[in-house]
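Step one of this worksheet: look at the structure below.
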Amino acid sequence: MSTAAAAADLPLRQVHAACPHDCPDTCAIRVTLQGEQILRLQGDPDHPPTHGALCTKVSRYAERLGHPERVLTPLRRVGPKGAGRFEPVSWDEALDDIAARLAAIAARDPQAIVPYSYAGTMGFVQGEGMAARFWNRLGASRLHRSICAEAGATGLALTYGATVGMHLEHFAESRLILIWGSNSIASNLHFWTYAQAAKRAGAKLIAIDPRCSETAQKCHQHLALRPGTDAALALGLMHELIVHDWLDHDYLDRYVEGWPELRERALQWPPERAAAVCGLSVEEVQGLARDYGTLAPAAIRLNYGMQRVHGGGNAVRLIALLPCLVGAWRQPAGGLLLSASGWNKPLRNPAYAHPELLAGRQPRTINMVRIGDALRAMPGDAVLDGGPRIEALVVYNSNPVAVAPESGQVAAGFAREDLFTVVLEHFLTDTADHADYVLPATMQLEHWDVHASYGHTWLLINEPALPPRGQARPNTQFFRELAARLGFDEPCFRDDDLTLARQAFGPAVDFEALRRDGWVKLDLPPAPFAEGGFFTPSGRARACGPGLPLPDHLPNHECAESDPALAARYPLAMISPPARHFLNSTFVNITSLQAIEREPLLEMHPQDAAARGIADGDAVCVYNDRGRYHCIARVGPQARPGVVNGLGVWWRKLGRRGTNVNELTHQRLTDLGEAPCFYDCLVQVERDAAVPAGSEGRAA
């Protein structure tokens, strides 16, 4: 009997899975299998936020799982760093050598060893479930994981006391929805479903975004403000709400701390001033304020694009106060959602990472945003936070050579011959090409995990649907076996993955119900702040207070206001939102998705393109003092005048001439949270002289 015929005799089975990627939707997935064959991979129709639908990216997960270029055996470098030349080795050989080399470094100073990880998986088990225990026991450097959302999260927590917001499903009942700094169709698809339901019921949708994204095109109105001016717009709206008395005075008096001071500051921002700073018309500012002040319930879906600038944290603080001015929080369909992660934080097990393994040590912290500078720094440099030079990196759930800012510096740091680098990966990414060892990691359908969401209020479980392909192992197994080789004999290092899944949440979560149903909903009130009850010490939203100054508009690091000489040399602002069919650098090598995106693109307004003799489809070079990025110009209405949109994040080696958009971004930090300023970047653009006009296909 053939293998296919034998499989056909096996019963069908269904497995609960969860999307692991860095997306607010955190979809519940239902996998239907016969033997080890995936018959269907779909969004769970019974999970309300997912309602049976998956995005274009994750619906192709089986293609990623069986990709012919997947790393399926441990690899050891045999060529120069960055060349991607490796030979296969056994797991035992790799682990023995890795353990010996890390032990030798740790004997001098374990802080010379740095973990580098982020949200390649958002799961508690395969994320930091065993890894955090290992790093605590070793005493390695800590990593400030700030590369995505820390400015906004810090600003939100300063205002509300935690990263909390309204329920996703209640957006369907709103009469006005401001989609602020978000291309929801590409990056928050299930929110968009609720927004569409509201629209069909008569709600008005307004997009606030420098780019005319797919989402902005489908809203009733699009306000294309300049990058980094969101705080100025919020202050201008507050001015109009005050002078027209579109305020909920009772809510302000009872539930907002520092309102008199905020009122005084907002009155300094008439619509004329806000419009001038934002690059909008006075009528646009006035009309937005009128809508927000008179249409109720009004909801804001704030996302992280707008906080990737110098003043991003202050901007989030101001926008988060807008629902308080109009009393939007009184109704379930009013308020704001940036992150819901704070709702599930009290349910997490505080002992999960076993902090007692630190034994009183306080290792230095490396900011992942500045890894390019950190890898090239010498002792005494501030970026090393008082610790030794970095001698070893262990990278998992991340691709920093592609995604970290100023990637030329990052690649140069990873190319150090004296830097010992281990990468746990699925593919030979830009980062893996620089590794001494590349170790094959399991994918989501091959291991246990549990997930919370930062976009909705549900917890999910992921069960292994298939055995690992080849010699792939879960991240947890790598850290278990490395711990054993280093003599770490604490019982916590023997916990298996199912045990780790059980331990992730505290007793308030019914783990057996989670396994049975695939997900559980958090028990929260529908209008959580209808009567205040914020998580601040006073229980009120905070505009200012002891130790907390009033929020304000802070201009970008790179703009005419902050550095007129730089702006004269590089007159175009650049933002770098993700290409619709990629998620950061994940999915970039998936054939079907790459075929849709085709090329690294730079969107330009016709006015800016004409001034430079650039036509749609031309190969262009985008440059500043940090580097040069080669891509294809798309001339059209997606970009506003004076701003170009470098759609990312392509792997460098899959881009044109081995570059990607992060050649141009800098390592300076935001006002709050020490987060990156990806959208705070000045550039110039010219025709790529080495490539004929109108040519297509990647240049060598």
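The values are calculated or read from the model by the stated rules, or taken from the named source; none is laboratory data. The structure displayed is predicted, hence computed values, not measured ones. Here the Cβ positions follow ideal geometry from the backbone for every residue, glycine too, while neighbour counts run over all protein chains shown. Ligands, DNA and RNA are stripped out before the accessible areas are found, and what is left, the full protein with its side chains, is counted by its heavy atoms. Shrake-Rupley method; radii C 1.70, N 1.55, O 1.52, S 1.80 Å.
Expressed as a whole percentage, what fraction of the accessible surface of the chain belongs to carbon and sulfur atoms when a 1.4 Å probe is rolled over the protein heavy atoms?
Carbon and sulfur atoms account for 51 percent of the accessible area of the chain.
Please compute one quarter of the surface area of the Cα convex hull for the range 277-326 and express it in square nanometres.
With every direction weighted equally, the projected area is 4.0 nm².
Restricting to Cα atoms and excluding each atom paired with itself, what does the Kirkwood estimate give for the range 248-339 in Å?
14.3
Determine by what factor the alpha-carbon radius of gyration of the range 18-116 differs from 2.2 N^0.38 Å, reporting the quotient.
In units of the 2.2 N^0.38 Å rule of thumb, it is 1.59.
Compare the peptides 595-607, 453-465, 395-407, 241-253 by average per-residue count of other Cβ atoms within 10 angstrom and give them in order, highest first.
Going from most to least packed, we get 395-407, 453-465, 595-607, 241-253.
In vacuum, with every alpha carbon of the range 425-464 counted as one equal point scatterer, what does the Debye formula give for log10 I(q)/I(0) at q = 0.25, 0.32, 0.35 Å⁻¹? Two decimals, please.
Here the Debye-derived log intensity ratios amount to -0.80, -1.00, -1.11.
Helix-only estimate, please: 222 nm mean residue ellipticity of the chain, summing -39500 (n - 2.57) across DSSP H runs of length 4 or more and dividing by its residues, to the nearest 500.
Calculated from helices alone, the mean residue ellipticity at 222 nm is -7500 deg cm²/dmol.
From the phi angles alone, apply the Karplus equation (6.51, -1.76, 1.60; θ = phi - 60°) to the range 401-409 and give each ³J(HN,Hα) in whole Hz, x where the residue is Gly or Pro.
Per residue, the Karplus-derived 3J(HN,Hα) values read 5, 8, 9, 7, x, 6, 5, x, 5 Hz.
If I take every Cα pair under 8 Å that is 6 or more residues apart in the range 555-700, average their sequence separation and divide by the length, what percent do I get for the relative contact order?
After rounding, I find 32 percent.
Please report, to two decimal places, log10 I(q)/I(0) for the range 461-591 at q = 0.11, 0.15 Å⁻¹ as given by the Debye formula with identical point scatterers on the Cα atoms and no solvent.
Log10 I(q)/I(0), no solvent term: -0.98, -1.06.
Between the range 617-684 and the range 303-338, how many Å separate their Cα centres?
27
If one computes the Cα centroid of the range 353-419 and of the range 31-58, what distance in Å separates the two points?
Centre-to-centre (Cα) distance: 38 Å.
For the range 312-463, what does the alpha-carbon gyration tensor say about shape, rounded, prolate or oblate, given a ≥ b ≥ c as the root eigenvalues, a/c under 1.5 as rounded, and a/b over b/c as prolate?
The shape class here is prolate.
Any chance you could count the Lys pairs in the chain whose alpha carbons are under 22 Å apart, treating pairs 8 or more apart or on different chains as valid?
Here the count comes out as 6.
Enter the accessible area per residue of the chain (Å², integer; probe 1.4 Å; all protein chains in place).
Ligands and nucleic acids excluded, the result is 35 Å² per residue.
Take the range 131-218, compute every pairwise Cα distance, and split them into 5 Å bins from 0; I just need the percent in each bin.
3, 12, 16, 17, 16, 13, 7, 6, 5, 4, 1, 0
Could you tell me the distance between the Cα centroids of the range 487-564 and the range 78-110, to the nearest Å?
If we compute the Cα centre of each part, the gap is 36 Å.
Could you work out the local net charge near residue 45, counting Lys and Arg as +1, Asp and Glu as -1, over the other residues with Cβ closer than 14 Å to its Cβ?
-1
Please report, in Å, the Rg and the Dmax of the range 242-294, where both are computed over Cα atoms only.
Rg, Dmax (Cα atoms, Å): 12.4, 35.
Could you compute how fast the chain diffuses translationally, taking Rh as the Kirkwood radius over C-alpha pairs and applying Stokes-Einstein at 37 °C with viscosity 0.692 mPa s? Give it in µm² per second.
125
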